[in-house]
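To start, the structure under review is shown below, and the notes come after it.
The values are calculated or read from the model by the stated rules, or taken from the named source; none is laboratory data. Treat the numbers as computed from the prediction; the structure is a model and nothing was measured. Cβ placement follows ideal geometry from the backbone for every residue including glycine, while neighbour counts extend to all protein chains displayed. Please note that ligands, DNA and RNA were not included when accessible areas were found on the heavy atoms of the full protein model with its side chains. Shrake-Rupley method; radii C 1.70, N 1.55, O 1.52, S 1.80 Å.
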Amino acid sequence: MSVKDHKLAAARRALGFVEPKMRLGLGTGSTASLFVELLAAEVQSGLSVLCVPTSEETRALAAKLGVPLTTLDETPLLDLTIDGADEVDGELRLIKGGGGALLREKIVATASDRMIVIADESKRVDKLGTFPLPVEVVRFGVTATRNMIEMLAHDSGCQGDITLRLARDGTPFVTDGGNYIFDCSFGSVDDPESLDEALKFIPGVVENGLFLGIADVAIIGGADGVSVLEAHYGESAEAV
Ligand code: 5RP
């Protein structure tokens, strides 16, 4: 089975958590897109749901497939968000934002009663930080903000390259919110909560890709099948 099969298996399992009339948050990325495709097939068969996408990319895909869409302004409370992740640790803490949608993803996930993460097994890590942490920043004063990130991350025990994300044409990548992203290669984040707090202190930082205490369930597809982990905040996640 390929990585895509593992993602698909996780997405398929997540579909089992969807109930008629639910208000759903739709994530961004290749795994979330597989979920949108599966959901669209259910909608074609008569399932009634109303969805808020976490990016323009997901909005376009869902609209093309006929998934009923709304906005978070029209529907500010959601039942469930299903999204991918770049890393998932044993406490269901996440790094997200590889696709650049971390801000809307965090807004939508925290507006939801529950968040389910779907991922292939390569995303399951013991410690966060191998995947460079995306930090979304406003364009004004971007060098000063970068320097502040470096300084305060260092105080939280994190150091490494901090690089401005570029688009394919070599110009800075611009998020749906019109901001830039720094990818921070910290290698290993021993204290995600302290790093998150430090980053939130910086005025030019809009949001960072640490999702702490947000995910309720992680569905991981792998060579041995699908495993479902549930968060018990204050304890380690438990396989169910
Ligand atoms: C986008 C994200 C994605 O969920 C994350 O990058 C995982 O993507 P994929 O499913 O393609 O591996 O956070 O901002």
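List of remarks:
- Pairs spanning more than 23 Å between alpha-carbon atoms, out of Lys7/Lys127; Lys96/Lys127; Lys123/Lys200; Lys21/Lys96; Lys127/Lys200: Lys123/Lys200; Lys21/Lys96.
- DSSP bridge pairs, the chain: antiparallel proportion in percent, nearest 5: 55
- Paramagnetic reach from Glu197 in segment 152-175 [backbone N under 12 Å; point 7 Å along Cα→Cβ]: 156
- Radius 9 Å from Cβ of Ser30, net charge of other residues (Lys, Arg +1; Asp, Glu -1): +2
- Heavy-atom accessible surface of the chain, averaged per residue, reaches 45 Å², computed with a 1.4 Å probe.
- On the beta carbon distance between Tyr233 and Asp169, with R0 = 35 Å, the FRET formula returns roughly 0.25.
- Global form of segment 108-209, assessed from the alpha-carbon gyration tensor, a/c cut-off 1.5: rounded
- Using the Cβ of Leu80 as centre and a radius below 15 Å, the other residues enclosed give a net charge of -4, where K and R count +1 and D and E count -1.
- Taking every DSSP helix (H) stretch of at least 4 residues in the chain, weighting each as -39,500 (n - 2.57) and dividing the sum by the residue count yields a mean residue ellipticity at 222 nm of -9000 deg cm²/dmol.
- Anisotropy class assigned to segment 1-71 is oblate, per the alpha carbon gyration tensor with a/c at or over the 1.5 cut-off and a/b no larger than b/c.
- For the chain, a crude dipole built from +1 on the beta carbon of Lys and Arg and -1 on the beta carbon of Asp and Glu, taken about the Cα centre, is about 760 debye to the nearest 20.
- Built amide H within the under 5 Å cut-off of Leu92, gap 5+: Ala237
- Carbon + sulfur, % of accessible area of the chain - ligands and nucleic acids excluded, 1.4 Å: 51
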